Structure formats: structure tokens, C-alpha cells
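Visitor: One structure, pasted below without further comment.
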Amino acid sequence: MKQAIMTAPGKIELRDVPQPQAGPGEVLLRVRRIGVCGSDIHVWHGKHPYTKYPVVQGHEFSAEVAAMGPGVAGLRVGQKVTAMPQIVCGRCGPCRRGDYHICDALRVEGFQAPGCAQEFFVARADWIVPLPDSLTFEQGAMVEPVAVAVHALGKSGGVGGRNVVVLGAGPIGNLVAQCAKADGAGAVLITDVSEHRLEIARRCGVRHASNPSIEPLAQAAGNAFGAQGFAAAVSGLAKGGVLVAVGVFGSQPRVDVGLVQDRELTIRGTLMYRREDYERAVGLIVSGQVKCEPLMSEHFPLAQYDQAYEHIERSRDRSMKVFIDVTA
Ligand SMILES: [Zn+2]
Ligand SMILES: [Zn+2]
């Protein structure tokens, strides 16, 4: 079978490798679509702090069950699925309390373990998430980023009835804004310096989309949330507000801890997801509460993996979610 392997930053080779087989508790998947994500682009540039080369990428994907190893039940050959890409130890403190997504020994397929950029991929049955037939393979490959957004909102302590500002309208920001609406947020404001990305957010139903290089954030918040929101935004987070850091930071932002104390602010981090986030993500896509289509940009075949990155580079903010069509 064909496999795309990144041998060094910016260098992807297509090679023939033996087709893997499903062992006990494992499932052989025929990979259909892979979504290219921001962290993949860091790996392409050699700027991902936790990835060594060579690496087989691919962690946002959809597939069909091709065969099941001994002891696997509840799946059928031909079924549409995706799988969570985490490999965890099951024994450390976070794993024992159910927070396996921040396992002390966490490895992620496509980064610290081989990913699915190959025609067939073996996944552990427990980590497979079935997809309804009504989902397209493109939507199936977007369950992972939607699960990132679902998990991030879970970390906020609940957005029901609260005003939400999402800074950045790239794929993750867009999906966080959509999920915040689905979670019953009061009003959702998304900001970005890219008019193109703001337009895509509007197409996804996020009405308040503002460009801070044209309209100051305070003014945008005033328009979205009314006078009260305006006063809060002028001085940063509203009293009792919650900031969830979803993005990966290239630099180390400074935080005024005195302000955190005085305003009873909460700052939380969020990493990846758990199974329940994946399942909720599937439901949000099926119900149409999260729209994936406006984010879908271009497709490239597996043999042109490197051209997908070159395209992303060239088109910058105009490409949102680029897919690798592994098998037709
Ligand atoms: Zn990703
Ligand atoms: Zn662990």
C-alpha cells in the first residue's frame, strides 16, 4: 500500500509499505479523507516542539472498516468511522482520574506515533468512533477539530446565557463559535483580521463577526452584547469572566495576576478531547448545529501531500480546511 512519510521538514515521500493487519482488539481501516490541521503545518515547517522525523502524519480522518481483528465486536465491515488519535498509558494520575487526554505519557498519532497518511491504518477498537452513514467523509474528517471545540467549551464551565468572544476565526475559532451557539451562549462575537475568515464565520451562522483592525474590540462587543458588554470589554474580561486558551502559543503571553484576583477571573487551558467530546461533535454535525461545509477548501490526492502544504502556504487565510483524499 502507499504511505506518505515526512522524512524531514518540508519533505514528503510516497513509498510502498506492506499493508498492516489487525491484531487482537484492533481494526483495519481503509482511510478515506485526512484533514490538514494547524499543528500539521508546524510539523511541515519543522516548528512542532514534540515531533521527530521521519513521521507519518494524519490525525483528523474518516475511514471505512476493512477488517476486524480477534475479539472486536460492535462494528461491521464497510462501516464509516473515525478514531481518536491519542495513545495513553492508563496508569498515570491523569489517566486514573479519567483525564487520559492529558496523560503523562501521551502520544498522538501523526506526531509522536505514526498517523493515518496511508491507504490502510490499524486503530485500536476502543478508540474508534462510529459515524452515521448520513455524514460525508469530509464531515467525518472534521469530527476531530469539532471535538477540540466541544472540549474547550466544556472547560469554560458552561457558556449558557453568557456572552462569548472568540479571538481568531480560523478553523478552530470558527468551530468554537459555532459550538458556543449550540451550547446556548447569550451572544457570540468572533474577531479576526481576515475578512475572508469573518465571512466564512457569518456563513456558518455567527452573526457578530468583526475585524479588530477596522473596528475596536470594545465597539464590536458593544454592538454584539449591548452597553454592559461594552463597559466590560473596555477593560478586558468581564468580572467573573472565564478565559479558555485553545490556541497553541508561539510566544509566552504575560498575565496580570492581580487583575485575575480582583475580578475573580478564571483562566483555563484545554488540550484535545475525550470520547464524549467526539460523540457530541458527531451529533452537532449530524443535527446541522455545526456547519462544516463553509470551512471546506481544497482536496489533494495522497501522492500530492506536499502540494497541499504549498497550496496552504500560498493561499494563507483563504484556505481553511484542506483535505487529503487518501482513497477515492
Ligand atoms: Zn488537528
Ligand atoms: Zn496516562
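Visitor: Label 7 Å along Cα→Cβ of Glu313; the stretch 32-63 residues with amide nitrogen under 14 Å?
Guide: What the label zone holds, given the 14 Å backbone N cut-off, is 41-47.
Visitor: Let me ask something else. Rank the residues Arg96, Arg318, Arg76, Arg30 as a footprinting-exposure proxy: fewest other Cβ atoms within 10 Å of their Cβ go first.
Guide: Fewest-to-most Cβ neighbours within 10 Å comes out as Arg76, Arg96, Arg318, Arg30.
Visitor: Which whole DSSP H helices in the chain pass both tests: a Cα extent of 15 Å or more along the axis and a mean Kyte-Doolittle value no lower than 0.0?
Guide: 143-155, 171-182
Visitor: Given the C-alpha centroids of the stretch 258-294 and the stretch 48-118, what is the distance between them in whole angstrom?
Guide: Centre-to-centre distance over Cα atoms comes out at 20 Å.
Visitor: Given R₀ = 41 Å, FRET efficiency for Glu195-Asp104 by Cβ-Cβ distance, to 0.05?
Guide: Efficiency computed from Cβ-Cβ geometry: 0.45.
Visitor: Using a cut-off of under 19 Å, list every residue of the stretch 142-186 whose amide N is near the label point 7 Å from the Cα of Ser251 along the Cα-to-beta-carbon line.
Guide: Of the residues in the stretch 142-186, 167-169 have backbone N under 19 Å from the label point off Ser251.
Visitor: Applying 1/(1 + (r/R0)^6) with R0 = 35 Å to the Cβ-Cβ distance of Ser134 and Ala67, what FRET efficiency is obtained, to the nearest 0.05?
Guide: 0.90
Visitor: If you stretched the chain out fully between Arg76 and Lys11, how much longer would it get, using 0.36 nm times the residue separation minus the C-alpha to C-alpha distance?
Guide: 19.7 nm
Visitor: How much FRET efficiency would the formula 1/(1 + (r/R0)^6) give for Arg202 and Glu298, where r is the Cβ-Cβ distance and R0 is 22 Å, rounded to 0.05?
Guide: 0.55
Visitor: In debye, nearest 20: dipole of the chain around its Cα centre with unit charges on the Cβ of K, R (+) and D, E (-)?
Guide: The calculated dipole for the chain is roughly 480 debye.
Visitor: Could you tell me the relative contact order of the chain? Use alpha-carbon pairs under 8 Å, at least six residues apart, and round to a whole percent.
Guide: About 19 percent, as a whole number.
Visitor: Right, here's the next one. For Cα pairs less than 8 Å apart in space and 6+ apart in sequence, what is the mean separation divided by the residue count of the stretch 129-227, i.e. the relative contact order in percent?
Guide: Here the relative contact order equals 21 percent.
Visitor: Turning to a different aspect of this structure: In terms of Cα to Cα distance under 19 Å, which aspartates and glutamates are near enough to Lys181, apart from those fewer than 8 places away along the same chain?
Guide: Glu144, Asp192, Glu199, Glu276, Asp277, Glu279, Glu293
Quick note: the coordinates plus some simple rules give every number you see, no bench work behind them. Keep in mind the model is a prediction, meaning the values are calculated, not measured. Heads up, the Cβs are rebuilt from the backbone with ideal geometry, glycines too, and the neighbour counts pull from every protein chain shown.
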